[in-house]
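Data block below; observations after.
Read-outs: derived from the displayed coordinates by stated rules, not from any lab. Remember, it's a predicted structure, so these values are computed and weren't measured experimentally. Cβ atoms come from the backbone with ideal geometry, glycine included; neighbour counts cover every protein chain shown.
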Amino acid sequence: MTTPLPPDMSNLWMPFTANRQFKAHPRLLASAQGMTYTSIDGHQVLDGTAGLWCVNAGHGRKEIIEALTQQATKLDYAPSFQIGHEDSFRAATAVAKLMPENLDRIFFTNSGSESVDTSLKIALAYHRARGEGQRTRLIGRERGYHGVGFGGISVGGISPNRKTFSGVLLPGVDHLPHTHDLAHNAHSRGQPAWGGKHFADQLENIIALHDASTIAAVIVEPLAGSTGVLVPPKGYLERLRAITEQHGILLIFDEVITGFGRLGASTASAFLGVTPDLITLAKGISNAAIPAGAVAVRRDIHDTILGASASGIEFFHGYTYSAHPMATAAILATLGIYEREGLFERARGLSKLFEDTAHRLESAQHVIDVRNLGLVAGIELRPREGAPGARAAEVFAKCFDRGVMVRYTGDTIAISPPLIITESQIEQIFGTIEAVLKTVD
Ligand SMILES: Cc1ncc(COP(=O)(O)O)c(C=O)c1O
């Protein structure tokens, strides 16, 4: 038998990737099962990141594969406009059951970016339907990540994602300050003690500047992941909720990574006891077996928009693949696994050990902060002089070589394993990082 030739890599333009470096030293995965990836050369790698924060039930789940196979055979596709299929309704009901009470109207999308843009449009449509169409301003947060649509990068706060497009971002957007404060909160276990009121009260200044009557919505990640694991200080989200409520401004939680068990509950909202008006979802909703996303909407927001038009289409928005039959099959199978296996409770049960193990790294070389919540940890390294991100990139590469997949953003290593992780695998992840840090300049 001849060995297959390596693929020509020139045609693929890879997303959020240093294409030239990657293609010079590719890292290619061939298969995955449970907690483990296998690379094309047979190297086994423990998945410390649930893929990209999305494979919450672990890889290769038989129930999801069977559901997808059956669905592909039975109904490969159904138009999503003016026609439905039964599973789209079943999937909406199943998602609604996991959302806070009253956020039970579900709009399906295919990704987190689409969920974010959809949620912003719903916010605008709601105010217009109530006769407050002048509320068009959207408030995001510095360091926020809300995907890559024009809405998402406008309310997002990550400069490299925005600067190329800065002239054409959505108008009328403002940003809260981010909540990362090492001077007060370094090495916090769980929610940091300092700054909740201080940071949230900045919203009052933004409201004073623009006037509440111009502001449609505030969107934040309850726990910011992609920007380097920023855990909300105690009282912060509660205060944002109180201020937005007081001024008739909608609060959107972007739960694309925190939804479906990441913190040890169905949502961050449930875990932290703060209920927004809309929740954006994706990733863990289908265990990433097929692209899927959703927005959970407060019932009366939905009803107001529907009630505003006498007849016909009430909301001019949707995707060819909203509630795609394959997506709804995967969603139903995935949510069934979460429930049967009690994976959210499992995550909650493991989170203390996860926290203790992560915080062992506080005294490791180069580490300036360890932070965590649920099954998420961030380990921030002191950047190399003149080469930000280089140290974390080296840790990532060395961990991969030693059989553990971590992620890095800037100089923060992020860990967010599948919820099926075992105690010994938690040890393996942090033990490997600890060992690697000793070898890094
Ligand atoms: C909070 C948040 N919102 C939105 C997105 C975008 O999701 P997608 O890449 O599926 O468009 C992400 C992706 O990481 C995310 O973390």
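Its relative contact order, with pairs defined as Cα atoms under 8 Å and 6+ residues apart, puts the chain at 22 percent. With kT/(6 pi eta Rh) evaluated at 20 °C and eta = 1.002 mPa s, and Rh the Kirkwood radius from Cα pairs, region 291-399 diffuses with a coefficient of 113 µm²/s according to Stokes-Einstein.
Coupling constants for region 390-401 follow from the phi torsions by the Karplus curve (6.51 cos²θ - 1.76 cosθ + 1.60, θ = phi - 60°), and in residue order they are 5, 5, 5, 4, 5, 4, 4, 5, 6, 5, 4, 4 Hz; glycine and proline get x. Note on the chain: helix-only mean residue ellipticity at 222 nm, from DSSP H runs of 4+ residues weighted -39500 (n - 2.57) and normalised by residue number, equals -11000 deg cm²/dmol. Sorted from longest to shortest, the spans of the Cα atoms of the chain along the three principal axes equal 65, 57, 43 Å. If you run the Gaussian network model on the chain, springs between alpha carbon atoms under 10 Å, then out of ILE279, ILE257, ILE122 the most flexible one is ILE122. Per residue, the convex hull spanned by the alpha carbons of region 1-75 comes to 177 Å³.
Assuming charge only on the beta carbon of Lys and Arg (+1) and of Asp and Glu (-1), the dipole of the chain about its Cα centre is about 340 debye to the nearest 20.
Starting from the Cα gyration tensor of region 227-282, take the square roots of the eigenvalues, sort them a ≥ b ≥ c, and report rounded, prolate or oblate (rounded when a/c is under 1.5, otherwise prolate if a/b is larger than b/c, else oblate). Prolate is the answer for region 227-282, as a/c is 1.5 or above and a/b outweighs b/c.
Where does the Debye-calculated log10 I(q)/I(0) of region 88-164 sit at q = 0.17, 0.25 Å⁻¹, using only Cα point scatterers of equal weight, no solvent? Here log10 of I(q) over I(0) equals -0.81, -1.12. In the chain, the DSSP beta bridges split such that about 65 percent are antiparallel, to the nearest 5. Report, in listed order, any pair from LYS23/LYS62; LYS234/LYS352; LYS97/LYS283; LYS163/LYS234; LYS62/LYS97; LYS62/LYS283 with a Cα-Cα distance greater than 26 Å. From the list (LYS23/LYS62; LYS234/LYS352; LYS97/LYS283; LYS163/LYS234; LYS62/LYS97; LYS62/LYS283), the Cα-Cα distance tops 26 Å for LYS23/LYS62; LYS163/LYS234. Please list log₁₀ I(q)/I(0) at q = 0.17, 0.25, 0.26, 0.29 Å⁻¹ for region 209-257, using the Debye equation with identical point scatterers on the alpha-carbon positions. For the requested q values the scattering log ratios are -0.56, -0.96, -0.99, -1.09. Residue ranges 390-397, 29-36 sort as 390-397, 29-36 when ordered by packing (mean number of other C-beta atoms within 10 Å per residue, highest first).
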